[in-house]
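Bear in mind these aren't lab numbers, they're just calculated from the coordinates by the rules spelled out. No experiment lies behind these values; they were computed from the predicted model shown. When we count neighbours, we look across all protein chains shown, and the Cβ atoms used for this are built from the backbone with ideal geometry, even at glycine.
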Amino acid sequence: VASKVIGEVQALIIFPILPYTMLVIFFMFWFSAALHLFSSGQVLQNNCNSDCCSYDLKLNRVKCDGCCGYSVHYTPHIAAAIIFHLFGCYWATQFFIAFSSTAIAGSVASYYWASGETL
């Protein structure tokens, strides 16, 4: 039956291009929004102890001030937005895949149930 469906409904061969193109466009927008969300935190220097030292390549000497690095702190609203954004990516991706599967199943089913009928 599958070869007969492909022979009759030849658009099924190139149909997956449309959902994957939509997914690529969606991922471009999603990635740009993710970059904005992940960069919207506040960068703070960590608390450093006096016994923390590191080698400074520019000065060619050991520095014992400000060597503990930095960390990004998010407000609770930004953290919730990041979680929502990640869930939204998962949901939208699964929706696009399910929509394309449903469209393919619908075209195959309509061919199968209408076979033998004259249109």
Fewest first, what order do MET28, MET22 take by the number of other Cβ atoms within 10 Å? MET28, MET22
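What percent do you get for the relative contact order of the chain when only Cα pairs under 8 Å and 6+ apart count?
Relative CO of the chain lands at 29 percent.
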Rank these for me by crowding, VAL72, VAL108, going from fewest to most other beta carbons within 10 Å. VAL72, VAL108
Spin-label pair ILE17/LEU35, simplified geometry with 7 Å Cα→Cβ offset, distance in nm: 2.8 nm
To the nearest 10 degrees, how steeply does helix 76-114 sit against the main Cα axis of the chain, on a 0 to 90 scale? 10 degrees
Going from the fewest other Cβ atoms within 10 Å to the most, one would list LYS58, LYS63 as LYS58, LYS63
Toward the positive end of the charge dipole of the chain, about the Cα centre and with charges on Cβ (Lys, Arg +1; Asp, Glu -1), which of SER54, VAL108, THR75 goes farthest? SER54
